[in-house]
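Here is the structure we will look at.
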Amino acid sequence: MSKFDKYFLMSSSDAVDYAAEKLSIFACDSELDCKEIGDGNLNYVFRVWDKKSDKSVIIKQAGYTARISDDFKLSPDRNRIEAETLRFQGDLAPGLVPIVYKYDDIMSCCSMEDLSDYTIMRQALLQHKIFPNFAEHITTFMVNTLLLTSDIFLNHQEKKSLVKSYTNPELCEITEDLVYTEPFNDYKHRNDVFPPNLDWVKKELYSDNELKLEVAKLKFEFLTNAQALIHGDLHTGSIFVNENSTKVIDPEFAFYGPMGYDVGNIIANMIFAWVNADATMDNEDESITFKSWVENTICEIIDKFKAKFFKIFREEAKEILAKTPGFSEWYLSQVLHDTAAVAGLELCRRIVGMAHVKDIISIDAESARLRAERICITIAKRYIKNRESYNFGEQFVNTLKEVENEFSQ
Ligand code: SR1
Ligand code: MG
């Protein structure tokens with residue numbers, strides 16, 4: 001008999017016992033300590049380490065409700081999806097995700113490589129650090145994990161069985177509500193709008209019927225386009241970085257959805273880093289350097305994504321009709337249009353919805369925060385409404401620069 005034969009939500013001392021009993025990482029005479037380090041909206045994350053050696057592990061456990069609010073009743077099966085996705089993505093994009101040691105379906109927890117020598121990218125960007133290799137790494141991750149799980153590459157029966165195994169209805173519903181629906185009407189009264197911006201948000205988001213029609217079309221795209229196994233929550237808080245390396249974590253929202261959902265999330269979160277720097281950096285030269293790096297990175301992410309996508313498409317496509325001349329160009333252009341639209345949705349929902357980002361809410365000066373929020377939402381509306389005109393990295397950045405100019409006059 002073990003106390004881990006039946007599910008319960010662990011404390012830090014339970015996590016120590018769990019590591020000692022269930023994981024073959026630590027020696028018998030180790031002196032284990034633990035800290036709960038989770039800062040996400042859903043789960044509990046324990047770091048367990050041995051004071052006598054350099055060994056450590058991360059144990060991530062899912063509860064029956066979300067950490068951010070008991071409103072969300074969730075099956076801990078998301079932990080299985082996360083563990084399986086990390087293993088799958090580790091095969092498709094080696095070195096770009098943490099190693100999973102064990103998934104425990106009774107305790108709904110997953111034990112994995114400790115990345116304490118990395119920093120969460122959002123934190124690093126808030127300190128205005130730059131990562132010259134990020135675009136290279138993240139585009140390899142996205143192209144490999146997306147294209148190689150799609151019907152372009154996989155046998156269609158095999159792909160359908162993956163669609164089944166990665167069906168993730170509860171977490172998809174969170175996205176359907178928080179990303180696609182509530183930012184544009186607040187019908188559940190859960191939005192959390194910065195009060196000085198409320199009237200502007202009501203006019204620009206809740207009252208723009210042309211925008212709402214486009215968002216409705218996009219929501220149905222998210223609901224129905226089982227294109228690839230997407231990460232589903234690929235923001236800068238789901239990425240660990242150091243100077244040389246990048247690791248993508250937290251794929252619990254993974255399911256078969258539109259590829260552009262992942263790419264668009266990355267672009268939006270780079271824009272959050274840009275507006276934070278714009279609002280908070282006093283030294284003009286440093287601000288220009290950081291913002292230029294973000295702009296170049298956005299360009300590179302789109303353009304490297306395209307180049308790698310075409311290369312793998314050319315070399316690996318298995319579906320015979322996908323090899324028809326002109327098809328890969330058409331397919332990728334749809335992904336880029338979705339990318340622009342999803343970047344717009346993410347920009348809106350992090351400003352007005354319940355799940356904010358630090359890049360925005362840490363801006364102390366009221367006028368600077370107002371300006372930052374309005375820049376994001378103005379860019380977002382152009383990305384959503386004009387999504388079919390975005391095909392190159394430069395176009396994404398041009399909209400950012402255009403809107404910056406308009407708000408500087
Ligand atoms: C209730 S969960 C809120 C948000 O946190 C996650 O990281 C996802 O982004 C989700 O939308
Ligand atoms: Mg997460």
I'd like the FRET efficiency for I99 and R67, computed as 1/(1 + (r/R0)^6) with the beta carbon distance as r and R0 of 25 Å, rounded to 0.05.
0.50
So W200 and Q334, fully extended at 0.36 nm per residue minus their Cα-Cα distance, gain in nm 45.1 nm
Tell me the mean residue ellipticity at 222 nm calculated for the chain from its helices only (DSSP H runs of n ≥ 4, each -39500 (n - 2.57), averaged over every residue, nearest 500).
-16000 deg cm²/dmol
Taking Cα pairs under 8 Å and at least six residues apart, what relative contact order does segment 10-112 come out at, in percent?
19
Kindly write out, for segment 145-155 in residue order, the coupling ³J(HN,Hα) from the Karplus curve 6.51 cos²θ - 1.76 cosθ + 1.60 (θ = phi - 60°), rounded to whole Hz, with x marking Gly and Pro.
6, 8, 5, 7, 10, 9, 5, 5, 10, 7, 4
With unit charges on the beta carbons (Lys and Arg positive, Asp and Glu negative) and the dipole taken about the Cα centre of segment 308-353, which residue among L321, F309, I351 sits farthest to the positive side?
I351
DSSP loop trypsin sites (Lys or Arg not before Pro) in segment 240-319 with at most 13 other Cβ atoms within 10 Å of their Cβ, which ones?
K318
Under 5 Å between amide hydrogens, which residues at least 5 positions from G38 or on another chain qualify, with H placed 1.01 Å from N in the peptide plane?
V45
Could you pull out the pairs from K159/K217; K247/K304; K6/K159; K318/K381; K291/K311; K164/K212 whose alpha carbons sit more than 28 Å apart here?
K6/K159; K318/K381; K291/K311; K164/K212
With charges only on Cβ, +1 for K and R and -1 for D and E, what is the dipole size of the chain about its Cα centre, in debye, rounded to 20?
780
Give me the extension gain from I106 to I361: residue separation times 0.36 nm, minus the current Cα-Cα distance, reported in nm with one decimal.
88.0 nm
Karplus-derived 3J(HN,Hα) from phi for segment 125-133 (6.51 cos²θ - 1.76 cosθ + 1.60, θ = phi - 60°), whole Hz, x at Gly and Pro, runs 5, 5, 8, 6, 8, 10, 10, x, 9
Once the dipole of the chain is set up with Lys and Arg at +1 and Asp and Glu at -1 on Cβ about the Cα centre, which of S13, N133, T65 lies farthest towards its positive end?
T65
Rounded tilt (10° steps) of 209-224 against the dominant C-alpha axis of the chain
40
Kindly express, to the nearest 10 degrees and within the range 0 to 90, the angle between helix 260-280's C-alpha long axis and the longest C-alpha principal axis of the chain.
80
Let me know the whole percent of all Cα-Cα pairs from the chain that are separated by more than 39 Å.
18
In percent, what relative contact order does segment 119-406 have, based on Cα pairs under 8 Å that are 6 or more apart in sequence?
27
Report the residue, chosen from I288, I301, I320, that carries the largest GNM mean-square fluctuation when the chain is represented by alpha-carbon nodes joined by springs under 10 Å.
I320
Semi-axes (Å, rounded, descending) of the ellipsoid equivalent to segment 10-112 per its C-alpha gyration tensor are 23, 18, 11
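We did not get these values from a lab; they are worked out from the coordinates using the rules stated. Source: prediction; values computed, not measured. Neighbour counts are summed over all protein chains in view; Cβ atoms, including those assigned to glycine, are modelled from backbone coordinates with ideal geometry.
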